[in-house]
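Below is one structure, written out as structure tokens; comments come after it.
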Amino acid sequence: MTVSLDYDEYDLGSMTWEDAETAIEEADFAVVPLGSVEQHSLHLPVTVDTLRAENLSRELVEAAADRDCSMVRLPTLPYGYSEHHMNYPGTVTLMADTYQSVLEEIGESMAAHGADRLVFVNCHGGNRSPMKLAADRIQRDHGVEVYPVHWTDYARDQLEEEFGDEWGHAGDHEISVVELFHPDLVREEKKEPQTRKAKYEARQFAYFDDLTEQGGWGDPTNADPEFVEEVVADATERILDAIESDMDEPS
């Protein structure tokens, strides 16, 4: 049996230790794509955020090369902090402190091998808080500059203008991304407007099924992969602009 993985020349996963030694030391950035394994309603697979992290980080690294900015990409971390989705089967979660420790130890490893800067390309909202805390520790304890990039922040204005307020989890935006990169994984017959159960103003919800019936937001029938392809290109350039601008700031 042959197992085939889709590696590019900038992927750490395809390198020997000798190749990696040179690549890490010479790269401007080491990139860590961050996903999750969690329910995404009835029409999308549990790997949506991991698929997004894999594909969107590839777009970033390839676009960076056009700017003479070199990046080495680590294998995508498929598991995240998803406890709030655990009432739906198929969700696999790390606890927040475990997730933070995992990121810190990845950062420590990269520091030991000579990395100067680390970019987290995050595609799951639940990862944001532990990612930020891990970034603090990596910078303070290991002297590596950390850029915690939550990808959607760089596309939010375009997505809201096109899809309205509830385009997020398993909704108009995410199904468009999956249809762009992996259309075979969409359950077309299951696409339907998502049913909102509650919308709290101040209260913290305990689990995601407090808020939604099927498990998602918005209306997946509004999927528009051609529009999202433009958004991906624009957001990629915005992220690179932000990263390059920060590189020029004093440490």
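Points worth noting:
- Listed residues 215, 78, 231: farthest to the positive end of the dipole of the chain (Cβ charges): 215
- Column: log10 I(q)/I(0), Debye, Cα scatterers of the chain, q = 0.07, 0.10, 0.13 Å⁻¹: -0.24, -0.49, -0.84
- Label sites at residue 192 and residue 8, each approximated as a point 7 angstrom past Cα along Cα to Cβ, lie 3.9 nm apart.
- Across the chain, the mean sequence separation of Cα contacts (distance under 8 Å, 6 or more residues apart), normalised by length, yields a relative contact order of 21 percent.
- Membrane-span-like helices in the chain, defined here as complete DSSP H runs extending at least 18 Å along the helix axis by their C-alpha atoms with mean Kyte-Doolittle hydropathy no lower than -1.0, are 48-65, 96-112, 225-247; this is a sequence and geometry rule, not a statement about a membrane.
- In this rough spin-label picture, where each label sits 7 Å from Cα along the Cβ direction, the residue 108-residue 160 distance is 3.9 nm.
- The chymotrypsin sites (Phe, Trp or Tyr not before Pro) of region 158-251 that meet both conditions, a loop assignment by DSSP and at most 11 other Cβ atoms within 10 Å of the site Cβ, are 200.
- Among the trypsin sites (Lys or Arg not before Pro) in region 134-205, those placed in a DSSP loop whose Cβ has at most 14 other Cβ atoms within 10 Å are 187, 197, 199, 203.
- Loop-resident sites, region 1-93, for chymotrypsin sites (Phe, Trp or Tyr not before Pro), counting at most 13 other Cβ within 10 Å (DSSP): 7
- Projected label distance in nm at residue 234 and residue 26, using a 7 Å step from Cα toward the beta-carbon: 3.6
- Extension gain, residue 245-residue 185: 0.36 nm per intervening residue step, less the Cα-Cα distance, totals 17.9 nm.
- Gyration tensor verdict on region 6-107 (Cα atoms; rounded if a/c is under 1.5, prolate if a/b is larger than b/c, oblate otherwise): prolate
- By the rule of a C-alpha distance below 17 Å, with chain neighbours fewer than 8 residues away ignored, the aspartates and glutamates paired with residue 197 are 165, 166, 209, 210, 213, 219.
- Segment residue 203-residue 226, length gained on full extension (0.36 nm per residue, minus Cα span): 4.6 nm
- Assuming charge only on the beta carbon of Lys and Arg (+1) and of Asp and Glu (-1), the dipole of region 101-251 about its Cα centre is about 820 debye to the nearest 20.
- Farthest positive-ward along the chain dipole, Cα basis, beta-carbon charges - from 65, 147, 130: 130
- Rounded percent of accessible protein surface that carbon and sulfur make up, the chain, 1.4 Å probe: 46
- Taking Cα centre as origin and charging only the Cβ of basic (Lys, Arg, +1) and acidic (Asp, Glu, -1) residues, the dipole magnitude of region 197-251 rounds to 580 debye.
- Å² of accessible area per residue within the chain, as computed with a 1.4 Å probe and no ligands counted: 49
- Taking amide H positions as modeled 1.01 Å from N, with prolines and chain starts lacking one, the residues under 5 Å from residue 73 and 5 or more places away or on another chain are 11, 12, 31.
The values are calculated or read from the model by the stated rules, or taken from the named source; none is laboratory data. This one's a predicted model, so the numbers in the text were calculated from it and none came from an experiment. Backbone-built Cβ (ideal geometry, glycine too); neighbour counts: all protein chains shown. Each accessible area value is taken on the protein alone, full model and side chains, heavy atoms only, with ligands, DNA and RNA left out. Shrake-Rupley method; radii C 1.70, N 1.55, O 1.52, S 1.80 Å.
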